[in-house]
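What follows is a set of notes on a single structure, which appears directly below.
The values are calculated or read from the model by the stated rules, or taken from the named source; none is laboratory data. All values derive from a computational prediction rather than experimental measurement. Cβ placement follows ideal geometry from the backbone for every residue including glycine, while neighbour counts extend to all protein chains displayed.
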Amino acid sequence: MEEKNNKISRKQFLTTVGGLAAGAVLAGSGLSLLDSEVKAEKLPEYPWTKYFAKKLNVETVRKKATQYYHEGNHCAEASFRALVEELGAPFSNVPSQVLWFGAGGGAGWATLCGAVNGGSAAISLVYGRSKITMALVNELFGWYSETPLPLNSEVNSVAGTPLCHSSVSNWCEASGLKADSKKRSKRCGLLTGDTTAKAAELLNAQLAGKFVATYTIPKEAQECMNCHVAGDLKDTRGKMDCLDCHEGH
């Protein structure tokens, strides 16, 4: 009885093998049963700089980024989503979920602030592997580090670095509130809107040929870097104000 159940007909064998072979051919060719769906969403050849030809509405970006933050996209995805939607196709064809990991400074690790992360990703999507991308992102990082955020808010604070950790901690100290409070969440939503709006402003400036870098590394930090980055030690890299974390060294 058991032997009989283990036997299959020639027809069954050919049908099974044929199906596997077809699947192998599809996999080997890079195609799938959903290939028609993929083709419908086909992206143009990169770079896409030529598709950025219209000034972005900064206030729309600010409002959307804050809205998406509170809808559950959190900081990084909310920022990226607001920008690519305003940029339009083909940028808006990139799923915003690619930045979901950036929530809470990267899976809650409180490293790079998600609002800076998402905004920078959108800038990089526009200008690709270029000095323009690095210049705009550098300016965004510097602005975020030195600007009292959220803008036009009852309580704001200066992060000193582009890190989520210092940004939230400094605001908690200024407000007297806890990091898990609803007001802190509201604050981060507003901060996401402001930072995303700044990224839009930088993109608009570059589009108009009017971008001028204004950020300079703080004097105290530069003195540290003269030795630790470019001097005899050469034991680190970076541009952040060292004294925020290494006070007294």
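Within region 86-109, track down each residue that is part of a helix (DSSP H, G or I) and either in contact with a strand residue (DSSP E or B) (Cβ under 8 Å, 6 or more places away or on another chain) or under 30 Å from Asp180 (Cβ atoms) (or both).
Within region 86-109, Ser96, Gln97, Val98, Leu99, Trp100, Phe101, Gly102 meet the criteria.
Only one of these is part of a loop (DSSP other than H, G, I, E, B), in the same structural domain as Leu207 (by TED's automatic domain parsing), within 18 Å of Ala199 (Cβ to Cβ) and among the small types (Gly, Ala, Ser): Ala159, Ala65. Name it.
Residue meeting the stated conditions: Ala159.
When residues of region 189-214 are filtered for being in a loop (DSSP other than H, G, I, E, B), surrounded by 16 or more Cβ atoms within 10 Å (Cβ to Cβ) and of a type in the set (Ser, Thr, Tyr), how many remain?
The qualifying residues number 0.
Here are some conditions: (1) surrounded by 15 or more Cβ atoms within 10 Å (Cβ to Cβ); (2) more than 18 Å from the chain's Cα centre (by Cα); (3) of a type outside the set (Phe, Trp, Tyr). Val155 meets all but one. Which one does it not meet?
(1)
Do we have any residue at all in region 82-100 that's under 19 Å from Ser167 (Cα atoms) and either polar (S, T, N, Q) or surrounded by fewer than 22 Cβ atoms within 10 Å (Cβ to Cβ) (or both)?
No.
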